[in-house]
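Structure, as structure tokens:
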Amino acid sequence: MNTPPQNPDANQHPIKLDQIDLEIIMALKRDGRTPFAQIAQRLGVSTGMIRQRYQRLVKEGVLQVVAVTNPLLLGFSTMAMIGIKVDGAQLQKVAEQISSLEEVIYLVLTAGSYDIFAEVVFRDNEHLLHFLTERLRTIPGIRETETFMYLKIVKEIYSWPDIGAP
């Protein structure tokens, strides 16, 4: 699983970003392949400065540039969200085990009716059935699951609103 670097103090001390940092992020948000030289020229700074800022943003976990694939075009016709209830003392351990399953593409710990939500992709319903019965439900600490099948994805984006906006 490709996990971005984490800033251990992110919850206590948000990272301070200046206007150049924000411009780099917005440029890469529009097109992650934008050359540093192009960003530098638009901002009137050196390419080296943009490279250094980019590396710092990645190292601090603020920025991650990735390729996003369409699972439906790669032969994964079934997508779902699974709500998972877990024995409380085992929450972190269970989450780590679930996150290692290749079908899981997104995993969050939550407050509410479910302890964990896992977004998953499968080749077909048989693959989903095998996953639920032979893999997910065999993890110790899982008490209950509920599967929400995706009928249609109406909106799917991989970026936040412009962070420079008020």
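Observations, loosely collected:
- Per-region count, region 63-81, residues more than 20 Å from V154 (Cα to Cα) and surrounded by 15 or more Cβ atoms within 10 Å (Cβ to Cβ): 1
- Residue within region 17-29 that is part of a helix (DSSP H, G or I), modelled with pLDDT under 95, of a type in the set (K, R) and surrounded by 11 or more Cβ atoms within 10 Å (Cβ to Cβ) present: yes
- Considered as a group, the residues in region 30-85 that are among the charged types (D, E, K, R) and touching an Asp or Glu at 6+ places or on another chain (Cβ under 9 Å) include one that is nearest to G141 (Cα to Cα), and that residue is K85.
- Filtered by the rule that a residue be of a type in the set (A, V, I, L, M) and within 17 Å of the chain's Cα centre (by Cα), region 51-80 gives L57, V58, V62, L63, V65, V66, A67, V68, M79, A80.
Rundown of residues vs (1) outside the structural domain of T145 (by TED's automatic domain parsing); (2) surrounded by 15 or more Cβ atoms within 10 Å (Cβ to Cβ); (3) farther than 21 Å from D31 by Cβ, yes/no style:
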site: R53; (1), (2), (3): yes, yes, no
site: K59; (1), (2), (3): yes, no, yes
site: G83; (1), (2), (3): no, yes, yes
site: V86; (1), (2), (3): no, yes, yes
site: L101; (1), (2), (3): no, yes, yes
site: V104; (1), (2), (3): no, yes, yes
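The values are calculated or read from the model by the stated rules, or taken from the named source; none is laboratory data. Not measured: the values here are computed from a predicted model. Glycine also receives a Cβ, built like all others from the backbone with ideal geometry; neighbour counts cover every protein chain displayed.
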